[in-house]
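*Asks:* Before I ask anything, here is the structure I am working with.
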Amino acid sequence: SVSDVKGEKLMAAPSVNFSNSITGRLPGVVVVTRSGEPGSDGSTIRIRGSNTLGDNSPLVVVDGIANRGLERLNASDIESVTVLKDASAAIYGARAANGVILITTKRGKKGEPVVDITYNEGFSMPTVIPESVDAATYLEMLNEISVYAGQTPKYSDEEIQNYREGTDPWKYPNTDWYGETFQNAAAQRSANVSISGGQDKLTYFISAGTQFQDGIYKKSATNYKQSNFRINLDGNLSQHVKYGVDVAAREQNRNYPTRSAHDVFTMLRRGKPNMHAYWPNGKNGPDIEYGNNPVVVTTNQTGYDRNKTVNLETKANLEIKLPWIKGLSVSGNASLDWQFDNDKRWEVPWYLYSWDGVTYDANNVPVLVEGKKGFTSPELEQEMEDAKRITLNGLLNYQTTISENHNLKLLLGVEKITGESMEFSAFRKYFVSDAIDELFAGGDAEKTNSGSSSSEARMNYFGRFNYDFQAK
C-alpha cells in the first residue's frame, strides 16, 4: 500500500516542526504530539500502529538516503511525502518493519529563474490552562478541612474577607500562578526564499530560510531558532550521462531554563493562591518549596541550558545509460551526513525574597529578606558530540519490452553504510563569579570529564523483478 501528499498541502498548515505538518494528511499514519515545548515538540509517528517489540518508528528516507530525520526539514523545500506500507516497503528489508516514509525535495526545472518568497507569522496558544481557586476560597476550604478533623479553623472570617477584597496586597495576596507564569500566546515565525530554473545542461533549486518559536512563559528563557540552506543541482554531461549534487545545511539553537517543563508544572500544581509570585514592589516572591518559584525559574535568572546542533547533508549521484544494451543503466549515490552537537548548561544561584509580615522600615514599607537559592556557587556542564555517516550505493536497472504485451523490469543493488561518533563531556563547580561561564574559570575540586566513541556498519543487497503481462 502506498499513499502520498504533495508539499503544497503540507504548507497549508505551517509548523516549525515538520513532523507536525503531516498530521491527518496520510491514510494509516498516526501522529501524536506529546509536547509543545519549542525545540522538543517532535511527533511520534506510527504507521498502522505498533508492529515490533523494540522501536516502532518508521524508516525515513530523504532523497534516497536512509536514516535522515524529518523533524527539522524546511517544509518549503519538500516536493512530496510518500508512505510505503506492507509489501511496498519490502525492498528496504528489516528496517522497513514499521513502514517507510519517503521524502523528496524540490528540484529545478528548465526555464527562466523563478523566485519564491514566503513569510509566516503565527501564534501558539495552550489548549487548556487549569483554573485554580482564589485565595479566599482556598482558605475557606482549609478551614472546612480543619473542622472535619475536629480542629479549630486556622483563618478568621475577617482574614478571609481581606484576601477577598485585596485591599492590602502585601499581606493578603491573591495569586493565579498559571496566569503569572504563562502568557496568552507565544509567537512563531518563518521566512524562506528560493530560486529555481535551469537550461538543458543544468537545472537548480536553491533555498534559504529561518524559523523562530518562542516559549509560552512570561519573560521566557525558552525559545528555538533555526537557519537552513539547500542547493539541489541536476545536469547532463552527455546524452547518456546524468549527474546530481545536493547540499543541505542546518543550524538549530535551543534555549531553555535550567529546570525542565515537567518541574515547572509540578511547581504550578503546588502553588498556593495566598502566596506571592512577585511582591508589590516587583521583587521576586518567596519559594513554594525548595527554592521553587515558577515565575523565576522559567526565566534566565537561574542560568541557561543551550544546545546548538549543526547538520550537513550531502549527496552526489551519477547515472549512466549504456548505449550498447538498450534499457540497461547503472547509477550510484554517495552521501556524507555530519552532525555536531554542543550542549552547555550553566546553573547559577538565584534570589528570592521573604517577609515576616510584621517588620517595616522607617517609611512604613515592609522589609524583605533576600534568600539565596539553588547552588552556593555557579556550576557548568558542557557536552559535545561529533557524528558522521557515509552511504554508498550502486544500482543496476534493466527494462525491456519482450513483445507487444510483455514488459520486464529488473533492479539489482548494493548499499554500504558506515558511521562513527565521538562524545566528550566536562563539569566544573566552585566558580568565583557568574561573570565568566567557561570551564577554565571553575574550581579544580570535584571536576569531572568523560568521553566515548562508537562506530557502525551495514551492508545491504537487494533486488526487484517485475513482469507485466497485458492480455489482449
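*Asks:* Out of curiosity, is Ser146 surrounded by 12 or more Cβ atoms within 10 Å (Cβ to Cβ) and without any contact (Cβ under 8 Å) to a residue 40 or more places away in the chain?
*Replies:* yes
*Asks:* Looking at (1) open to solvent by less than 10 Å² (accessible area, probe 1.4 Å); (2) in contact with a Lys or Arg (Cβ under 7 Å, 6 or more places away or on another chain); (3) aliphatic (A, V, I, L, M), can you tell me which one Ile91 breaks?
*Replies:* (1)
*Asks:* Could I ask something else about it? Within segment 27-43, restricting attention to residues that are under 19 Å from Ser3 (Cα atoms) and open to solvent by less than 50 Å² (accessible area, probe 1.4 Å), which residue is modelled with the lowest pLDDT?
*Replies:* Looking at the filtered set, the residue picked out is Gly28.
*Asks:* Return a yes/no flag: does segment 229-238 have any residue that is part of a loop (DSSP other than H, G, I, E, B) and either aromatic (Phe, Trp, Tyr) or modelled with pLDDT under 95 (or both).
*Replies:* yes
*Asks:* Another question about this same structure. For the condition in a strand (DSSP E or B), closer than 30 Å to Asn284 by Cα and open to solvent by 60 Å² or more (accessible area, probe 1.4 Å), what is the one hit in Lys219, Lys171, Lys225?
*Replies:* Lys225
*Asks:* Given (1) open to solvent by less than 80 Å² (accessible area, probe 1.4 Å); (2) within 26 Å of the chain's Cα centre (by Cα); (3) more than 30 Å from Gln239 (Cβ to Cβ); (4) not small (Gly, Ala, Ser), where does Thr127 come up short, assuming only one miss?
*Replies:* For Thr127, the exception is condition (1).
*Asks:* Quick one: count up the residues across segment 23-37 that are more than 16 Å from Asn56 (Cβ to Cβ) and without any contact (Cβ under 8 Å) to a residue 60 or more places away in the chain.
*Replies:* Qualifying residue count for the region: 6.
*Asks:* What are the pairs, 6+ residues apart or on separate chains, where a residue within segment 207-219 that is within 14 Å of Asn17 (Cβ to Cβ) has its Cβ under 6 Å from a residue that is basic (Lys, Arg)?
*Replies:* Correct list of pairs: Phe212/Arg189; Phe212/Lys225.
*Asks:* Of all residues in segment 382-411, how many are assigned to a strand (DSSP E or B) and open to solvent by 80 Å² or more (accessible area, probe 1.4 Å)?
*Replies:* The qualifying residues number 7.
*Asks:* Would you be able to tell me the number of residues in segment 367-405 that are among the β-branched types (Val, Ile, Thr) and farther than 30 Å from Arg259 by Cβ?
*Replies:* Of the residues in segment 367-405, 5 are among the β-branched types (Val, Ile, Thr) and farther than 30 Å from Arg259 by Cβ.
*Asks:* Quick one: is Trp338 without any contact (Cβ under 8 Å) to a residue 12 or more places away in the chain, outside any helix (DSSP H, G or I), out of contact with any His (no Cβ under 7 Å at 6 or more places or on another chain) and among the aromatic types (Phe, Trp, Tyr)?
*Replies:* For Trp338, the condition - without any contact (Cβ under 8 Å) to a residue 12 or more places away in the chain, outside any helix (DSSP H, G or I), out of contact with any His (no Cβ under 7 Å at 6 or more places or on another chain) and among the aromatic types (Phe, Trp, Tyr) - is not met.
*Asks:* Any idea which residue in segment 325-335 is least open to solvent (accessible area, probe 1.4 Å), counting only those that are over 15 Å from Leu411 (Cβ atoms) and assigned to a strand (DSSP E or B)?
*Replies:* Ser335
*Asks:* With respect to Met459, is the statement that it is touching a residue at least 40 places away in the same chain (Cβ under 8 Å), surrounded by 14 or more Cβ atoms within 10 Å (Cβ to Cβ) and out of contact with any Gly (no Cβ under 7 Å at 6 or more places or on another chain) true?
*Replies:* The answer is no for Met459.
*Asks:* Could you check how many residues of segment 349-381 are of a type in the set (S, T, N, Q) and open to solvent by less than 30 Å² (accessible area, probe 1.4 Å)?
*Replies:* 1
*Asks:* In segment 412-452, what residues are touching a helix residue (DSSP H, G or I) at 6+ places or on another chain (Cβ under 8 Å) and either part of a strand (DSSP E or B) or surrounded by 12 or more Cβ atoms within 10 Å (Cβ to Cβ) (or both)?
*Replies:* Once the filter is applied, which keeps residues that are touching a helix residue (DSSP H, G or I) at 6+ places or on another chain (Cβ under 8 Å) and either part of a strand (DSSP E or B) or surrounded by 12 or more Cβ atoms within 10 Å (Cβ to Cβ) (or both), segment 412-452 yields Ala426, Arg428, Phe431.
*Asks:* Hey, another quick one. Being outside any strand (DSSP E or B) and either within 25 Å of Asn311 (Cβ to Cβ) or under 16 Å from the mean Cα position of the chain (by Cα) (or both) is the filter here, so list the residues in segment 239-256 that pass it.
*Replies:* Once the filter is applied, which keeps residues that are outside any strand (DSSP E or B) and either within 25 Å of Asn311 (Cβ to Cβ) or under 16 Å from the mean Cα position of the chain (by Cα) (or both), segment 239-256 yields nothing.
*Asks:* Can you spot a residue in segment 424-437 that is free of Cβ contacts under 8 Å to residues at least 12 places away in the same chain, under 30 Å from Thr376 (Cα atoms) and over 26 Å from the mean Cα position of the chain (by Cα)?
*Replies:* Looking for residues that are free of Cβ contacts under 8 Å to residues at least 12 places away in the same chain, under 30 Å from Thr376 (Cα atoms) and over 26 Å from the mean Cα position of the chain (by Cα), one finds at least one in segment 424-437, hence yes.
Okay, residues lined up against (1) among the aliphatic types (A, V, I, L, M); (2) in contact with a Cys (Cβ under 6 Å, 6 or more places away or on another chain); (3) part of a strand (DSSP E or B):
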| residue | (1), (2), (3) |
| --- | --- |
| Arg269 | no, no, no |
| Pro280 | no, no, no |
| Asp287 | no, no, no |
| Leu318 | yes, no, yes |
| Lys344 | no, no, yes |
| Leu352 | yes, no, yes |
| Asn364 | no, no, no |
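*Asks:* Ok, one more. Could you tell me which residue of segment 196-214 is nearest to Ser15 (Cα to Cα), considering only residues that are in a strand (DSSP E or B) and open to solvent by 60 Å² or more (accessible area, probe 1.4 Å)?
*Replies:* Thr210
*Asks:* Show me the strands (runs of 3 or more DSSP E) entirely contained within segment 1-119 in which 3 or more residues are within 30 Å of His262 (Cβ to Cβ).
*Replies:* Of the strands (runs of 3 or more DSSP E) lying wholly inside segment 1-119, those with at least 3 residues that are within 30 Å of His262 (Cβ to Cβ) span 29-33, 43-47.
The values are calculated or read from the model by the stated rules, or taken from the named source; none is laboratory data. Remember, predicted model here, so these are calculated numbers, not experimental data. Heads up, the Cβs are rebuilt from the backbone with ideal geometry, glycines too, and the neighbour counts pull from every protein chain shown. Note: areas computed on protein heavy atoms with side chains; ligands, DNA, RNA excluded. Shrake-Rupley method; radii C 1.70, N 1.55, O 1.52, S 1.80 Å.
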